[in-house]
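Down below is the structure, laid out as structure tokens.
Values in this text are rule-based calculations from the coordinates and carry no lab data. From a predicted model like this one, the values you see are computed outputs, not experimental measurements. Note that we place each Cβ from the backbone using ideal geometry, even for glycine, and neighbour counts take in every protein chain shown.
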Amino acid sequence: MSVDAGFEAAQAAIVAGTYEGFAPEAVGLYQDVMSMARRCVEPVDFGYRAFDVGSRDERHRPVVVALGPSEVIGIEPNKRETARAVAFGVAEAGDVFSGSLQEWADTTPAPADSAFLFNVLRRLIEDRDFMRALRNSVAVGGIAVVSFMRSDADQDFIDSLPERFAGFRRIEVAPSEDVQSGRAIPRQRQIRNTSLSIWRRED
Ligand SMILES: C[S@@+](CC[C@H](N)C(=O)[O-])C[C@H]1O[C@@H](n2cnc3c(N)ncnc32)[C@H](O)[C@@H]1O
């Protein structure tokens with residue numbers, strides 16, 4: 001399925017309210033990623049090919065597509081989740097790799113310009129094989145956009161990220177303005193609030 005066709009199918013499913021996988025917060029997620037990308041101290045380009053790692057039932061495919069890459073590949077080991085997305089016309093089976101990121105990295109040499117890991121499980125970030133696969137799956141100069149489930153993102157874990165993301169450098173993000181008070185929100189609080197971060201793959 002072309003990216004446009006997938007996006008249209010997803011939009012239609014959202015408008016019709018037929019696909020429960022699409023929660024309203026997906027729109028917020030898009031806004032959060034765009035807002036963070038705009039505040040990055042260096043330009044961020046989502047590139048040509050993007051991976052949605054742990055894409056579940058492709059619920060965030062419209063978000064990733066809307067960010068602009070020409071090719072979006074879901075990577076999801078749970079075949080039932082993929083079957084749901086296919087049943088609702090949100091993706092075709094060929095849009096999703098049915099396996100883990102580690103299996104993808106072992107078998108497929110073409111790296112992505114960007115990888116999105118939304119609500120990624122903490123245990124995966126703590127798994128060296130998974131992180132090695134992530135390094136091998138993102139082209140040098142490419143980016144990884146990561147968010148955690150709030151319950152996972154305690155301070156110790158946040159502090160351990162630079163070490164876990166060896167081979168990546170965290171892109172600095174300027175604080176955003178707190179519109180109501182006019183004061184800047186401290187960067188650390190902002191990142192913990194959204195639990196989003198952006199990483200650049202380095203040599
Ligand atoms: C907490 S869910 C998040 C799903 C989705 N990104 C979201 O925001 O709702 C984690 C997903 O990662 C998938 N997963 C687990 N291990 C994985 C691995 N090694 N590689 C890729 N995906 C994995 C799970 O099957 C599940 O769909």
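Taking Lys and Arg as +1 and Asp and Glu as -1, the other residues whose beta-carbon sits under 12 Å from that of residue 140 total +1.
Amide hydrogen proximity for residue 51: with H placed 1.01 Å from N in the peptide plane, the residues at 5 or more positions away or on another chain lying under 5 Å are 73, 114, 115, 116. Sort out for me the Cα centre separation of segment 43-110 from segment 123-180, rounded to whole Å. About 19 Å separates the Cα centre of segment 43-110 from the one of segment 123-180.
How charged is the neighbourhood of residue 48? Take every other residue with its Cβ under 13 Å from the Cβ of residue 48, and add Lys/Arg as +1 and Asp/Glu as -1.
-2
The H on the amide N of residue 142, modeled in the peptide plane, is under 5 Å from the matching H of 201, each at least 5 residues off or on a different chain. Cα extents for segment 33-136 along the principal axes, largest to smallest and rounded to whole angstrom: 40, 33, 26.
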